[in-house]
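The values are calculated or read from the model by the stated rules, or taken from the named source; none is laboratory data. For clarity, every value in this text was computed on a predicted model and none was experimentally measured. Please note: Cβ atoms are built from the backbone with ideal geometry, for glycine as well, and neighbour counts cover all protein chains shown.
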């Protein structure tokens, strides 16, 4: 449904010898129809530039963006204003913003009607559609109130209703929950998942919160310095040894008891999550196993368990026990460095980067 190929965005200061900032550096991304896809990364990784290039609010410096089979970059033209064909293509893409972007002078219903007003729909059709969407997001009784009378979560629900006004096939979410408290965040994420399932809507969201990806995403990508460094379904990522995104999604800590041992992370999912595999391992090979840390949670709608255990002896002495665990269908990853053993968060080494300032963005767009 959404494909970017070699997507590059360079912001220029406007001066002939001014600095350049590469926000996107050849991004290849594929979002399948009907899935919720999360792009996660630290502030400055290029996430906002990516999502703004997907609907061409920012014109890419190079590369292509295809949405529902239409190459939007081919419709962009050369001028600053979007042409008729691009505006029509954009009508199939809804956008939810971090800070709501509601018009304070308009009622809730009028805010939802705004996109339909721009598209030239009649007042009767606008009103019917707005009331239908307000009911969908649980705000049917707030149609005539103004944004100032709403809580943050209610404002975001209005923003979601407005984004759905034009019956889009794709919904883009730009840090839609980062300004909300945890309880409200959970309710908004639940609403987005319900909309995804009821309407078959494809959702691309960007976030720096792992809990968002864990709660509703089918697939995810890790973004660093304007590049996608990991990508896949949540299940694939959790089954990939060494995946930093998987470790961040499902961390488990635990310090080694002493030298001369083998520390491994074992991931359980499906039926194996309820089987006494570790006790079977201990009895079968008559070895003492130390459990350094363990956790169980629901990730991507699946029950996942992860355990960090310590086996006596060097890895060469534990090849057979490790093989036993893998034969049970478990993912086994050897923890090799003192840093990861000590439980340093896997995202601690994510590089700092700087998103271009608003002033630079505006100047470079001229």
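Annotations
- Residues in the range 145-164 that are closer than 20 Å to residue 35 by Cα and in contact with a strand residue (DSSP E or B) (Cβ under 9 Å, 6 or more places away or on another chain): 160, 163, 164.
- Boolean, residue 233 is more than 15 Å from residue 31 (Cβ to Cβ) and either surrounded by fewer than 19 Cβ atoms within 10 Å (Cβ to Cβ) or modelled with pLDDT under 90 (or both): no
- Residue in the range 138-148 that is nearest to residue 195 (Cα to Cα), counting only those that are in contact with a helix residue (DSSP H, G or I) (Cβ under 8 Å, 6 or more places away or on another chain) and in a helix (DSSP H, G or I): 140
- Residue check, residue 192 within 15 Å of the chain's Cα centre (by Cα), within 30 Å of residue 292 (Cβ to Cβ) and either buried (at least 16 other Cβ atoms within 10 Å of the Cβ) or without any contact (Cβ under 8 Å) to a residue 60 or more places away in the chain (or both): no
- Selection count where residues are out of contact with any helix residue (DSSP H, G or I) (no Cβ under 6 Å at 6 or more places or on another chain) and under 28 Å from residue 184 (Cα atoms), scope the range 233-243: 3
- Residue in the range 302-334 that is nearest to the chain's Cα centre (by Cα), counting only those that are within 18 Å of residue 280 (Cβ to Cβ), loosely packed, with under 14 Cβ neighbours inside 10 Å and at pLDDT 85 or above: 326
- Members of the range 120-137 that are in a loop (DSSP other than H, G, I, E, B) and surrounded by 14 or more Cβ atoms within 10 Å (Cβ to Cβ): 121, 137
- Hey, residue 254 at pLDDT below 80, surrounded by fewer than 18 Cβ atoms within 10 Å (Cβ to Cβ) and either in contact with a strand residue (DSSP E or B) (Cβ under 7 Å, 6 or more places away or on another chain) or assigned to a loop (DSSP other than H, G, I, E, B) (or both) or not: no
- Residues in the range 90-109 that are under 11 Å from residue 147 (Cβ atoms) and in contact with a helix residue (DSSP H, G or I) (Cβ under 8 Å, 6 or more places away or on another chain): 100, 101, 102, 103, 104, 106, 108.
- Hits in the range 11-24 - residues which are surrounded by fewer than 17 Cβ atoms within 10 Å (Cβ to Cβ), touching a residue at least 12 places away in the same chain (Cβ under 8 Å) and touching a strand residue (DSSP E or B) at 6+ places or on another chain (Cβ under 8 Å): 13
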